Each structure stands twice: as structure tokens, then as C-alpha cells.
Amino acid sequence: MAANTEALEALRWKKFPLLNDGFVCLVDAMGSDDSVVQAARVSYGVGTKSVSDDRTLIRYLLRHRHTTPFEMAEVKLLVRVPMDVWRQWIRHRTASVNEYSTRYSVAIDSATTTPADAWRTQASSNRQGSEGFVDPEIGAELSASENAFLSSARALYEKRVDLGVAREQARKDLPLSTYTQAYWKCDLHNLFHFLALRMEKHAQLEIREYATVIGEEIIRPLFPISYAAFKDYQFGAMTLSTLEQETIAKLAAAGKIPVSKKEFMQLGHESWQGLARCRERDEAWEKLVSLGLARE
């Protein structure tokens, strides 16, 4: 089934700039919200149901994790992205990918640079995250040394190429901040999984910016009903584990809602008791706070 024609033509090959020299743009799309609906109602033809019925069905499908109909629509993107960000991106193995080859072609002469006020500090509670920023004066030194390093690395690469070294070997000391380009084709179900993880606040800032542009600027206008359902039931949703449900029930029965942090630590699930550190317990507390069931 054809994509949302008006949105598709408005978006095709439109480059959305990201970072200092990256971008994402839509190459093509197949399908629309109608494709999802028709796949779910395989015995019906186009136009047999109202728009409100289509919305209700799409939301039911996502709410109950009936994912196959969303595989009937897909998008193809062209992305220009730093290699360190691309390493996170390519971990999502549910897409078809064709990347720019630095064995065949000269590496793209561009790399991400960091402004003096954009150097982030290591998070204290998350080994793979960041929080806060380095002092701008120190940041200025870091940015200056970064620029010098990037210039030196590029000069070394180009010298090797000029001396006849094979591109596949000349590239080995290029920094991970070097940009690469790739075609990335993904169906809507797996794209929603990518967006749910990479738009999330704990994702690295750089890939989060790419994911947010893909979701808000490309997928939302192409698949408005499906994307709205995704925001409600996947991206903006909260999952309560059995342990968390039991803890909330226990706190409610004891008349401790809203609960204080001290009471939560005392009455939380038995498997959390006596632990100096417990990510599961910390995340449960954060959920109670966000739901208005805790007092800090």
C-alpha cells in the first residue's frame, strides 16, 4: 500500500542537520497507518472501516504487543553519523544496512567536534552515562586539544593514502568521531523498538538527538496514528514488575501511600532488604515518585 503521499513528498530527501556535520533524511517509505490496519484485518479491503475504528485498532495492537502488522510498513533513511554513535546504532540488528566503504572510497573528511561548554562529566550512579558538565575553562582546553588531534589524525591518514598505502589499512588510526554514511531500512515495528531505546533519557545524548529527529520529524507525519500510539504505549509507558506491584499493594494496605523514602526502604520487597546498592529498588522508587505515590 502506498505511503502517506503528501507527507512522503514533503519529506523525501529533506536533510535534518544534526551535531556539527551530521544529518538524517528520508529516502523512501512503504505503507502507512492504513497498511497496519489492513494487515491486521486481512479479510477486509480498503475503506471498510472508519478512521476512528482504525485508530482504535492500532492502539489495541500496540497496547497488546501484536507487532506483526507494524512490520508491513517500512522506511529507508540516509544517515550521516559519527562512527562512535554508529556503533550503538548498528547494534539494532533488525534493519537492512549499506554503509559507506572506507576500503573502496576515501574516508569522509569530517568529524564531530565538542564546544567548550559541552564536555559532560561521568555519571556517579551509571557507569555508561553522563551527568553535568566540565568547567568551561577546562572544556576550552579539551576542545583545543581535540581539534589538534583531529587535524593530526586526518593528516596522517591522507599522507598514507598519498604514499600508496591501501585505504583499508590507511584508515586504521582514524578517530571514532569520523563521520560515516549509511542507508538504513527498517520496518515500523523494529523502528519503534529502536526509538523507544534511543529516544529515552538515559540514551547517549548524540544518538538521542538522531532518534528524536527520526521519530518526531519523519515517522510522526508519515504514520501519525501509529506514532501517537507508540508514544503512549511504548515510549511514554511505564512497566510495573510483579515485585513492584506487590510492594505498592503492601504499602497501600499499610496506609503508607504516599510513602516516604524511609518507609519504602523498610517495607519494600524482601529481596531488596539489606542491600547497600540495588538498581531495581532505586528504579522502583523513581516510579513511585513519578506516579505521585511517594513523598521525598
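The values are calculated or read from the model by the stated rules, or taken from the named source; none is laboratory data. Note that the structure is a prediction, hence the values are computed from the model and not measured. Glycine gets a Cβ as well: all are built from the backbone with ideal geometry, and neighbour counts include every protein chain shown. What goes into the accessible areas is simple: the full protein's heavy atoms, side chains included, and nothing from ligands, DNA or RNA. Shrake-Rupley method; radii C 1.70, N 1.55, O 1.52, S 1.80 Å.
Results, tabulated for the structure shown:
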| read-out | value |
| --- | --- |
| Qualifying position, being modelled with pLDDT under 95 and among the charged types (D, E, K, R), among Glu6, Glu71 | Glu6 |
| Residue that is nearest to Glu200 (Cα to Cα), among those in the range 104-122 that are open to solvent by 80 Å² or more (accessible area, probe 1.4 Å) and free of Cβ contacts under 8 Å to residues at least 60 places away in the same chain | Gln122 |
| Only one of Thr94, Thr113 that is of a type in the set (S, T, N, Q), in a loop (DSSP other than H, G, I, E, B) and more than 30 Å from Phe230 (Cα to Cα) | Thr113 |
| Verdict on Lys261 being more than 27 Å from Ala111 (Cβ to Cβ), of a type in the set (Lys, Arg) and surrounded by 14 or more Cβ atoms within 10 Å (Cβ to Cβ) | no |
| Helices (runs of 4 or more DSSP H) wholly inside the range 123-211 that include at least 2 residues being surrounded by fewer than 17 Cβ atoms within 10 Å (Cβ to Cβ), out of contact with any helix residue (DSSP H, G or I) (no Cβ under 9 Å at 6 or more places or on another chain) and without any contact (Cβ under 8 Å) to a residue 24 or more places away in the chain | 136-162 |
| Residues that are within 21 Å of Met238 (Cα to Cα) and among the small types (Gly, Ala, Ser), drawn from the range 261-296 | Gly268, Ala284, Ser290, Gly292, Ala294 |
| Within the range 256-284, considering residues that are within 13 Å of Ser241 (Cβ to Cβ) and assigned to a helix (DSSP H, G or I), the one nearest to the chain's Cα centre (by Cα) | Glu283 |
| All positions within the range 55-73 that are open to solvent by 90 Å² or more (accessible area, probe 1.4 Å), assigned to a helix (DSSP H, G or I) and either in contact with a helix residue (DSSP H, G or I) (Cβ under 6 Å, 6 or more places away or on another chain) or on the phi > 0 side of the Ramachandran plot (or both) | Arg55, Arg63 |
| Residue list for the range 81-103, restricted to those being modelled with pLDDT of 95 or more, of a type in the set (Ser, Thr, Tyr) and open to solvent by 60 Å² or more (accessible area, probe 1.4 Å) | Ser96, Tyr100 |
| Scan of the range 246-255 for residues that are assigned to a helix (DSSP H, G or I) and not charged (D, E, K, R), ordered by number | Thr247, Ile248, Ala249, Leu251, Ala252, Ala253 |
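Every residue, every condition in (1) open to solvent by 60 Å² or more (accessible area, probe 1.4 Å); (2) within 14 Å of Phe192 (Cβ to Cβ), yes or no:
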{"site": "Gly215", "(1), (2)": "no, yes"}
{"site": "Leu222", "(1), (2)": "no, yes"}
{"site": "Ile225", "(1), (2)": "no, yes"}
{"site": "Phe230", "(1), (2)": "no, yes"}
{"site": "Met238", "(1), (2)": "yes, no"}
{"site": "Glu246", "(1), (2)": "yes, no"}
{"site": "Gln266", "(1), (2)": "yes, no"}
{"site": "Trp285", "(1), (2)": "no, no"}
